[in-house]
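Notes follow the structure.
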Amino acid sequence: MERRSTAIQYDKNWKRIILRRRVLVITAVAIQLFFILAAAIGLHTLFRYVYWTLYAAGLVFGVRIINRHEKPPAYKITWIFLMLISPIAGGLLYLALYFQTNQRKYRAIIKEVLPKRVEAAFLPGDTLPELRDQPSNEPGYLQARFLQTYAQFPLYKHTRCEYLPSGEAFWERAFEEMAKAEKYIFLEFFIVNPGYLLDQLLIVLEKKVKKGVDVRLIYDDIGCFMSLPNDFPAQLRQKGIRCFVFNRLSPALSSIQNNRDHRKIISIDGKTAFTGGVNIGDEYINAYEKYGHWKDAGIMLNGEGAWGLTLIFLHMWNFESERKKTRHDRYAAFYPWTTEPCLVPSDGFVLPYSENPIDGNNVGSQVYLQIINTARKYVYINTPYLILDDSIRLALTLSAKTGVDVRIITPHRPDKRAVHLITRSYYCNLIEAGVRIFEYTRGFNHSKTFVADDAVATVGTMNLDFRSLYLHFECGVWLYRAAAIRQIQDDFLATQAQCEEITPASCESSFLTRAVQDTLRIIAPLM
């Protein structure tokens, strides 16, 4: 079924143009991989001394991989496996991917624009001492202290949180709040798909532009590679909407192409903000069924916490401005409470955070690990993909073995068969340790939520896989003692009622399936 947006102009050959671009990129990358393989074979057979030089270089690269502290062990094992198969081919591939200026350039830009973002984040004040002084707060305080002092994402109060248990609820509340916008609407999404939802969104945004509202959109190139015409940003600019496409795909073989903007953020005037798993597309509101019923989740922050998500958006916008050497936005100019304080009643504590794959801090995985490791009664997890590194796998199994009720909901109907095969390959080990696993039988579960002990939770964009935790730009909201935590738990239990529990017998598979799963797990960190 072809889905078009009536609000977008399509050249009659737009599909051919996009396909030509995709074919160009894939062909160029394939040619580069072919030359790397050919060079490895040729050097192996023809140039003995050069071969041994490159063999030694491959070993050096292997040592470097092992000692990269920011990468998980499974990622290192994948590269070491490639080096063992062919030190030359593996070494040349590693050289082509990682010894480039792009990574260093991106890291320098992020470092350049970071200090002002951190300074602006504390405009509402420092709430961490207030959490420290509350009774029985040690696990929450330690997690918040890590995020604020190390990752530099402050803790906020004076925020009302509303958990949104579906894409329909997410966009209904988002449209309600966008209608109230007076100064700006900022949107950042991984996927923008043509259809009914995009049409309605553009109608609202155009009306707001005509009233003088500053409207901006960031979307990821690979997320929209085959769905939007190449001149979509120009069409938006004609409507008065400022736009940039993050990390355009290049024919050059480069590791930076792995670093996608997987965030989903809406900020309205800095006073209200949304995040979660929901993109711009009809499947997210079940306007049509792509993989059965689409189950998703999001969260709305009203008050000081919304400023944290606003800054995450502005940091990415200024990142692009610095990359293009254009004028930066001054963060404080968007702060909504310059003349009067925020009067929203406090509803526990909230802390918006983001994951940046360039700096190597691995904030997202640390948030998940701390929730698992500090749980004493239960941990309930929603994730569309379950491709675990050793640290999270061991944390889940140890938690279950100590008597914590650990439950995970994954999809029953996959969107990617190979990824679902890997997901199921972890079931047996987890179930043996006492983890309960459920598959959402109505369709595809795209929610990304953690909730533990009625006290702490997180809702965001990060899947439990290597791409989200180590390669993508992501974001989330950490909650402590907030009313929305009960809503997240209730939604998990309601979703569980629509699931099939996986038993040891049902997770058994044939020898061939296990062989495929074992092979896929070796390369999972690169998928």
Test: residue in segment 108-124 that is touching a His at 6+ places or on another chain (Cβ under 7 Å), modelled with pLDDT under 70 and farther than 18 Å from Asn362 by Cβ: no
The lone exception for Cys475 - which of (1) in a strand (DSSP E or B); (2) closer than 16 Å to Leu369 by Cβ it fails: (2)
Test: residue in segment 96-114 that is outside any helix (DSSP H, G or I) and touching a residue at least 24 places away in the same chain (Cβ under 8 Å): yes
Of all residues making up segment 486-509, the number that are part of a loop (DSSP other than H, G, I, E, B), of a type in the set (Gly, Ala, Ser) and surrounded by fewer than 16 Cβ atoms within 10 Å (Cβ to Cβ): 3
Residue that is over 24 Å from the mean Cα position of the chain (by Cα), modelled with pLDDT of 90 or more and polar (S, T, N, Q), where the choices are Thr127, Thr149: Thr127
Checklist (1) touching a helix residue (DSSP H, G or I) at 6+ places or on another chain (Cβ under 9 Å); (2) not in a strand (DSSP E or B) applied to Gly403, failing item: (1)
Breaking point among (1) of a type in the set (A, V, I, L, M); (2) in contact with a strand residue (DSSP E or B) (Cβ under 7 Å, 6 or more places away or on another chain); (3) farther than 26 Å from Arg132 by Cα, for Ile372: (3)
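Scan segment 399-415 for residues that are surrounded by fewer than 19 Cβ atoms within 10 Å (Cβ to Cβ) and either in contact (Cβ under 8 Å) with a residue 12 or more places away in the chain or on the phi > 0 side of the Ramachandran plot (or both) and report the count. Please lay out each step first, then the result.
So in segment 399-415, the residues surrounded by fewer than 19 Cβ atoms within 10 Å (Cβ to Cβ) come out as 401-403, 405, 413-415.
Those left that are additionally either in contact (Cβ under 8 Å) with a residue 12 or more places away in the chain or on the phi > 0 side of the Ramachandran plot (or both): 401, 403, 405, 413-415.
Matching residues across segment 399-415 total 6.
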Residues within segment 363-384 that are modelled with pLDDT of 95 or more, touching an Asp or Glu at 6+ places or on another chain (Cβ under 7 Å) and outside any strand (DSSP E or B), tallied: 3
Qualifying positions in segment 426-442 - touching a Leu at 6+ places or on another chain (Cβ under 9 Å) and crowded, with 22+ Cβ neighbours inside 10 Å: Tyr426, Tyr427, Val435, Ile437
Neighbours by Cβ (under 8 Å, 6+ apart or cross-chain): first from segment 174-190, on the phi > 0 side of the Ramachandran plot; second outside any loop (DSSP other than H, G, I, E, B) and crowded, with 22+ Cβ neighbours inside 10 Å: none
3 or more residues surrounded by fewer than 22 Cβ atoms within 10 Å (Cβ to Cβ) and among the β-branched types (Val, Ile, Thr): qualifying helices (runs of 4 or more DSSP H) within segment 166-284: 196-210
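Has segment 247-265 got any residue that is within 16 Å of Phe186 (Cβ to Cβ), of a type in the set (A, V, I, L, M, F, W, C) and modelled with pLDDT of 95 or more? Break it down into steps so the answer makes sense when it comes.
Step one: filter segment 247-265 for residues within 16 Å of Phe186 (Cβ to Cβ), giving 261, 263-265.
Those left that are additionally of a type in the set (A, V, I, L, M, F, W, C): 265.
Remaining after also requiring modelled with pLDDT of 95 or more: 265.
Scanning segment 247-265 turns up at least one residue that is within 16 Å of Phe186 (Cβ to Cβ), of a type in the set (A, V, I, L, M, F, W, C) and modelled with pLDDT of 95 or more.
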Any pair with Cβ under 9 angstrom, 6 or more apart, that starts in segment 286-297 at a residue that is over 12 Å from Gly167 (Cβ atoms) and ends at one that is among the polar types (S, T, N, Q): Gly292/Thr441
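The values are calculated or read from the model by the stated rules, or taken from the named source; none is laboratory data. Since the structure is predicted, the reported quantities are computational estimates derived from the model, not experimental observations. All Cβ positions, even for glycine, are placed from backbone atoms using ideal geometry, and neighbour counts span all protein chains on display.
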